[in-house]
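The values are calculated or read from the model by the stated rules, or taken from the named source; none is laboratory data. These numbers were taken from a predicted model, which means no experiment stands behind them. Counting neighbours? That spans all protein chains shown, and the Cβs are built from the backbone with ideal geometry, glycine included. The accessibility values were calculated without ligands, DNA or RNA, using every heavy atom of the protein model including side chains. Shrake-Rupley method; radii C 1.70, N 1.55, O 1.52, S 1.80 Å.
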Amino acid sequence: MKRIGVFICHCGINIKGTVDVERLTEELAQYPGVAYIENYIFMCSEPGQKLIRDTIIEHKLDGVVVAACSPTLHETTFQDALEEMNINRHQLEVANIREQCSWVHDDIEEGTRKANLIIKTAVEKLKLNESLTPIFASLTKRVLIIGGGIAGIQAALDIADGGYEVILVEKEPSIGGHMIQLSETFPTLDCSQCIMTPKMVAVNKHKNIKLYANSELESIEGFVGNFKVNIKRKPQYVDPDKCTICDDCTPVCPVVVPSEYDEGMGWRKAIYIPFPQSIPATFTIDTENCLGFNPIACTKCSDACEPDAIDYDKKPEYFEEEIGAVIVATGFDLYSVDNMAEYGYGKYPDVLDGLQFERILSATGPTGGEMYRPSDGKVPKEIVFIQCSGSRDPERHLPYCSRICCMYTLKHAKLYKHKVHDGQPYIFYIDIRSGGKRYEEFVQQAVSEDGIVYFRGKVARIYKEADKMIVHGIDTLTSKKIEIKADMVVLAMGIKPNNSAEKVISNLKLNTDENGFLIEAHPKLRPVESLQSGFYLAGTAQGPKDIPDTVSQASAAAAKVLALLSNDEISHSPIVAIVNEELCSGCGICVSTCPYGARELDEIKKIATVNDVLCEGCGACISVCPSSAAQQKNLTDEQILNMVKIYSYL
Amino acid sequence: MKEQFTPKIVGFLCNWCSYAGADLAGAAKLKIMPSLTVIRVMCSSRIDPNLVLTTLLLGADGILIAGCHPGDCHYEKGNYYARRRFALLKKVIKTLKIDPERLQLSWVSASEGKRYAEVVNQFTEKIKKLGPNPIQTKPYL
Ligand SMILES: Cc1cc2nc3c(=O)[nH]c(=O)nc-3n(C[C@H](O)[C@H](O)[C@H](O)COP(=O)(O)OP(=O)(O)OC[C@H]3O[C@@H](n4cnc5c(N)ncnc54)[C@H](O)[C@@H]3O)c2cc1C
Ligand code: SF4
Ligand code: FES
């Protein structure tokens, strides 16, 4: 049997005041397994620890119970003391007789009785404790970032600057995400492209960043520190090494389609560069619209291409990469305006969504930044903006607040006023949420200086009369009916997770909430990590947010990754689940229970297995196992029941 | 006789919220009735039905399972597992002719020292009223 030493701390009078430590020492000296017992004024002091170390040698102890304060305070102190004497740190148990006993009871009889029980349970648990060593796994010091919006770009630059290699995968032909489409940004009104393009260029130039544009993650296997991923690069049909961006091809291309970059407000050809500052700077052929895949129909661009960069036969390429961690930064899309038929979207060309209005405002947009409306090119003199379009409407649309629409609408109204001085912007709102730094000031300034008229309430309907849109609503503050003859209506659409993120997220086996946003490991304390080890979250993929919050979160995720990669190996608590192979029937209930994907079925042995590196030791699988085949190291059912027995038999 | 009855109550506390809440109750020197003794587990989801039933059959007068508030579990969904299992367990206990009130599930966060003290004191009062676990007097059960 293990020789256990019990050390009872007085904690000055904190314990001794309510627990008769001398009597306790006497009582427990006889308890089976206790080879030595002692009490001392301050166990955590150096003399106290020395007492433990000396006694370990003198009395040949192989386990120690310290009856003192809560284990959260000094467990590691005492574990270290044991380790110094070459005794495994898991041969220590702390009996919490302060917070659980002396501090919450008055009566010395009761206190002593209860301390006695608490110490006995610690002894019982310790009797069956195994010596364990931390689990180590090797670590590949490279990181995969999925999504090249501002979140992915910021995280990539931070990590690359920290000296580690980044693999950045973007599904579109260019990085930049939504931010590159924006005109100016609240609350400072700096030009979005001016602050974004230098970062995009930096990504392109950075020696530690490998960019896969027009690419998607095909598959991933492995676990934290050791993933293998397969990346598919879709063909662009233009060889970036040969292409000189001379732009001789687009004028000859006969196919004209709406431009994604301009949100359908402008046009592009079937061979195109998304926007002039695209990174990587290459043309792409859009196979859906190009005629050239039938060489009889068209070879115009290829004929015009002097450097011979066009290859219609290009096939997808696949790349294997080894990485240690993943940041998911797949961003957002606008909630589909197709759901907003009541506001006339799709029916009336002058009903726009927020991103389309950004394009009209933008100097690089289809109107060169001039305020013309799409239907007839007239300057709109009255514009109605409708906030919360699709947001905060659990019955019909998105249940949550999209957080950015109040502010971008205000920005829109303000920028419109700057362009059309005699124009009148009206904003329908439910609340104005301006919680960010300098946001409230931005609101106040706009209301007082730009003559924006706010109506609190929802728009009931919109219909067309001649070249005007008649907007009917109610101002709920005055209960007055509102009717505005508007030249243009802008719907401040809410945002939702990116349409093409779902596949990759399920590929990564990450958890999402009921709205499809990635779930963080802890809503307050671990906001940039996923529950699954090795996965980190950045930007609007995790929830609606503005640029400052997106960038902060991306940098935070980068810091977490840098901390991970600065280790040579990853260590992990050995208090994990284990499987008794004899008892396991391979039913697989534990597999679906484990929140971390640490459980798998071994197809050959037909039993469940535990991946030590992924297991966080919650114990959920142990309690669902119908065969009691699952156990938790150093907290087995037997140990718990032995403790229960102390409490139950009196 | 009933006056002198000191119940034996086992408290299974999750490490991250409820155990920390109990620590806080201690640090605030709140007065807690001494009948409940604690077993620390990593998460409320660790407490399997077998443990609960065996604990009752061993003669415990009451069992308190305490975990993080819904949505706050350190392991994300452990307390949801616990909650579902708990509902079922109550029914099973009834078939053993043990009052299901002897089993309680409570959410106590790391900041709720006061709540921890209240939960333990109220539960202790309740068990005192219920009297000793009948298993002790009816060993055939
Ligand atoms: C109309 C409007 C106006 C706004 N104005 C402002 C403003 O003035 N100030 C402000 O602070 N914020 C503003 N915002 C908010 C701002 O746009 C966002 O905070 C920011 O763009 C979020 O960046 P992101 O990187 O998280 O997402 P995104 O910009 O959406 O980037 C995500 C990237 O991931 C890529 N991706 C998605 N799925 C995959 C996949 N499966 N594989 C590979 N790549 C993938 C996408 O192609 C995209 O490039 C505005 C938003 C809108 C809609
Ligand atoms: S103990 Fe928790 S984390 Fe570990 S395998 Fe079981 S369910 Fe998964
Ligand atoms: S960790 Fe507290 S209930 Fe799961």
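Can you go through A:S628, A:S592, A:S648, A:S623 and tell me which one is polar (S, T, N, Q), open to solvent by 40 Å² or more (accessible area, probe 1.4 Å) and free of Cβ contacts under 8 Å to residues at least 24 places away in the same chain?
It is A:S592.
Out of everything in segment A:299-314 that is more than 12 Å from A:I285 (Cα to Cα) and open to solvent by 80 Å² or more (accessible area, probe 1.4 Å), what residue ends up being nearest to the chain's Cα centre (by Cα)?
The residue in question is A:D308.
Confirm whether A:A137 is surrounded by fewer than 24 Cβ atoms within 10 Å (Cβ to Cβ) and not in a helix (DSSP H, G or I).
The answer is yes for A:A137.
When the residues of segment B:1-23 are narrowed to those that are hydrophobic (A, V, I, L, M, F, W, C) and surrounded by fewer than 22 Cβ atoms within 10 Å (Cβ to Cβ), which ends up nearest to the other protein chains (Cβ to nearest Cβ)?
B:F5
For (1) buried (at least 17 other Cβ atoms within 10 Å of the Cβ); (2) more than 8 Å from chain B (Cβ to nearest Cβ); (3) under 25 Å from the mean Cα position of the chain (by Cα), each residue gets a yes or a no:
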{"site": "A:E581", "(1), (2), (3)": "no, yes, no"}
{"site": "A:S585", "(1), (2), (3)": "no, yes, no"}
{"site": "A:A598", "(1), (2), (3)": "yes, yes, yes"}
{"site": "A:L601", "(1), (2), (3)": "no, yes, no"}
{"site": "A:K605", "(1), (2), (3)": "no, yes, no"}
{"site": "A:D612", "(1), (2), (3)": "yes, yes, yes"}
{"site": "A:G617", "(1), (2), (3)": "yes, no, yes"}
{"site": "A:E638", "(1), (2), (3)": "no, yes, no"}
{"site": "A:V644", "(1), (2), (3)": "yes, no, no"}
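Which numbered condition in (1) within 16 Å of ligand 3 (Cβ to nearest atom); (2) in contact with a Leu (Cβ under 6 Å, 6 or more places away or on another chain) is the only one that A:S623 fails?
Condition (2) is where A:S623 drops out.
Give me the pairs, please: first residue somewhere in segment A:349-361 and open to solvent by less than 10 Å² (accessible area, probe 1.4 Å), second residue anywhere and among the basic types (K, R), beta-carbon distance under 7 Å, and either six or more positions apart or on two chains.
A:D350/A:R373
Only one residue in A:I470, A:I484, A:I462, A:I505 is touching a helix residue (DSSP H, G or I) at 6+ places or on another chain (Cβ under 6 Å) and either surrounded by 13 or more Cβ atoms within 10 Å (Cβ to Cβ) or part of a strand (DSSP E or B) (or both). Which one?
Only one candidate qualifies: A:I462.
So is A:G539 within 16 Å of ligand 1 (Cβ to nearest atom), in contact with a Ser or Thr (Cβ under 8 Å, 6 or more places away or on another chain) and among the small types (G, A, S) or not?
Yes, satisfied.
When segment B:75-105 is examined, which residues are found to be touching a Lys or Arg at 6+ places or on another chain (Cβ under 9 Å) and buried (at least 20 other Cβ atoms within 10 Å of the Cβ)?
Matches in segment B:75-105: B:G78, B:A82, B:I93, B:R102, B:L103, B:Q104, B:L105.
Scanning segment A:62-86 for residues that are open to solvent by 10 Å² or more (accessible area, probe 1.4 Å), under 22 Å from A:I118 (Cβ atoms) and away from chain B (no Cβ under 14 Å), which turns out modelled with the highest pLDDT?
A:Q79
Pairs only if they're at least six apart or on different chains, beta carbon under 6 angstrom, first in segment A:95-114 and at the interface with another protein chain (Cβ under 7 Å from one of its Cβ atoms), second part of a helix (DSSP H, G or I) and not hydroxyl-bearing (S, T, Y); list them, first residue then second.
A:E99/B:D23; A:E99/B:G26; A:W103/B:G26; A:V104/B:G26; A:H105/A:G111; A:K114/A:C101
In the list B:V10, B:V41, B:V52, which residue meets the criterion of being within 16 Å of ligand 2 (Cβ to nearest atom) and among the aliphatic types (A, V, I, L, M)?
B:V41
In segment A:531-552, how many residues are more than 10 Å from chain B (Cβ to nearest Cβ) and within 14 Å of B:C73 (Cα to Cα)?
0
Answer yes or no as to whether A:D286 is open to solvent by less than 30 Å² (accessible area, probe 1.4 Å), charged (D, E, K, R) and not assigned by TED's automatic domain parsing to the domain that holds A:K414.
Here the answer is yes, as A:D286 does meet what is asked.
Among the residues of segment B:77-95, count how many are in contact with a helix residue (DSSP H, G or I) (Cβ under 6 Å, 6 or more places away or on another chain) and either under 12 Å from B:I63 (Cβ atoms) or among the hydroxyl-bearing types (S, T, Y) (or both).
4
Being surrounded by fewer than 17 Cβ atoms within 10 Å (Cβ to Cβ) and touching a residue at least 24 places away in the same chain (Cβ under 8 Å) is the filter here; which residues of segment B:106-124 pass it?
B:S111, B:K114, B:N121
Take segment A:169-213 and flag every residue that is under 23 Å from the mean Cα position of the chain (by Cα) and in a strand (DSSP E or B).
Of everything in segment A:169-213, those that are under 23 Å from the mean Cα position of the chain (by Cα) and in a strand (DSSP E or B) turn out to be A:V169, A:I209, A:K210, A:L211, A:Y212.
Filter segment A:514-529 for residues that are assigned to a strand (DSSP E or B) and within 10 Å of chain B (Cβ to nearest Cβ) and give the result.
A:E520, A:A521, A:H522, A:R526
Output the number of the condition that B:A110 fails; it satisfies all remaining conditions of (1) within 11 Å of chain A (Cβ to nearest Cβ); (2) under 16 Å from the mean Cα position of the chain (by Cα).
(2)
Say whether the condition of being closer than 25 Å to A:R98 by Cα, modelled with pLDDT of 90 or more, assigned to a loop (DSSP other than H, G, I, E, B) and facing chain A (nearest Cβ under 9 Å) is met by at least one residue in segment B:63-75.
Within segment B:63-75, not a single residue is closer than 25 Å to A:R98 by Cα, modelled with pLDDT of 90 or more, assigned to a loop (DSSP other than H, G, I, E, B) and facing chain A (nearest Cβ under 9 Å).
Could you please let me know if B:I98 is in contact with a helix residue (DSSP H, G or I) (Cβ under 7 Å, 6 or more places away or on another chain), β-branched (V, I, T) and away from chain A (no Cβ under 12 Å)?
It is true that B:I98 is in contact with a helix residue (DSSP H, G or I) (Cβ under 7 Å, 6 or more places away or on another chain), β-branched (V, I, T) and away from chain A (no Cβ under 12 Å).
Being in contact with a Gly (Cβ under 7 Å, 6 or more places away or on another chain) and in a loop (DSSP other than H, G, I, E, B) is the filter; apply it to segment A:592-627 and report the residue that is nearest to ligand 2 (Cβ to nearest atom).
Selected residue: A:C618.
Just checking, how many residues over segment B:25-39 are facing another protein chain (nearest Cβ under 8 Å) and either in a strand (DSSP E or B) or open to solvent by 40 Å² or more (accessible area, probe 1.4 Å) (or both)?
Residues that pass the stated criteria total 7.
Name every residue in segment B:67-93 that is closer than 19 Å to B:V10 by Cα and either among the basic types (K, R) or within 16 Å of ligand 2 (Cβ to nearest atom) (or both), in order of residue number.
Once the filter is applied, which keeps residues that are closer than 19 Å to B:V10 by Cα and either among the basic types (K, R) or within 16 Å of ligand 2 (Cβ to nearest atom) (or both), segment B:67-93 yields B:G67, B:C68, B:N79, B:A82, B:R83, B:R85, B:K90.
Which residue pairs have Cβ atoms closer than 7 Å, lie 6 or more positions apart in sequence or on different chains, and pair a first residue in segment A:380-405 that is within 16 Å of ligand 2 (Cβ to nearest atom) with a second residue that is open to solvent by less than 10 Å² (accessible area, probe 1.4 Å) and not in a loop (DSSP other than H, G, I, E, B)?
Taking only residues 6 or more apart or on different chains, not a single pair turns up.
Can you name the condition, by its number, that A:D549 falls short on among (1) at pLDDT 95 or above; (2) crowded, with 19+ Cβ neighbours inside 10 Å; (3) more than 16 Å from ligand 2 (Cβ to nearest atom); (4) not in a loop (DSSP other than H, G, I, E, B)?
Single failed check for A:D549: (2).
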